[in-house]
1. For the range 94-200, which strands (runs of 3 or more DSSP E) that fit wholly inside it have 2 or more residues that are in contact (Cβ under 8 Å) with a residue 24 or more places away in the chain and not acidic (D, E)?
2. Exactly one condition in (1) farther than 27 Å from W30 by Cβ; (2) surrounded by 20 or more Cβ atoms within 10 Å (Cβ to Cβ) is false for N152; which is it?
3. Got a number for residues in the range 43-92 being touching a Pro at 6+ places or on another chain (Cβ under 6 Å) and under 23 Å from G133 (Cα atoms)?
4. Considering each of R180, R170, R193, R163 in turn, give the residue that is surrounded by 15 or more Cβ atoms within 10 Å (Cβ to Cβ) and not polar (S, T, N, Q).
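Read the figures in this text as sums done on the coordinates, not as results from a lab. All values reported here derive from a predicted model rather than from experimental measurement. Cβ atoms come from the backbone with ideal geometry, glycine included; neighbour counts cover every protein chain shown.
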Amino acid sequence: MAIRLARPDEARVLGAALADALADDPVFRWLIPASPRRDRRLVSFFTAMSASYLQAGKPAYLADGDAGAALWSDPAANWQLEFDLGQVRTVFGSFGPSRVVPAVRTQMQLSKLHPSEPHWYLGYLGVRGSRQGQGTGGALLGEVLARADDTNAPAYLESSNERNLTLYQRHGFEIVDEVRLLGKGPSVWRMWRNATSGPT
């Protein structure tokens, strides 16, 4: 499985891959519910997120033929995102007027729980529906976790889909806790991987 760093001009490629991969994700079904424009909104959201990572020089990876993508922050970087004005408008517009406030409150809730210790942070990882079950997710994870182990650095993520927990656990992540978004939304599982855990 070939994994490569995305080029600075590939925000749209990353965004399209992640939108396809996470279309059925429980948190994104909740924050961007069904509508005639939903597919376009998902692509717009993930393209803006990808552009923010690329502009900050954060590692963004693509799997063979854009089968999947992963957006990371390394231990030396600020894991929080910085958007330009156009990206802010795009992100807010992606949620629509009725879901902007829950989306902002969700981000605030998770930010308060984010570890303070330097670590690799997996912002997003997704594999297109047609390419799932072929080892792409593991390959995208392994690309950075090998670097984390080489530098004795831990890693952190928030899984918004329960079915992905076993993948992350196979790569050394352990569940820290389960968070119910805004007390009534879907669950997110906070996961931590100690340095040099490695895949089992």
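1. Passing ranges, in order: 120-127, 155-159, 187-193.
2. (2)
3. Qualifying residue count, the range 43-92: 1.
4. Testing whether each residue is surrounded by 15 or more Cβ atoms within 10 Å (Cβ to Cβ) and not polar (S, T, N, Q) leaves just R193.
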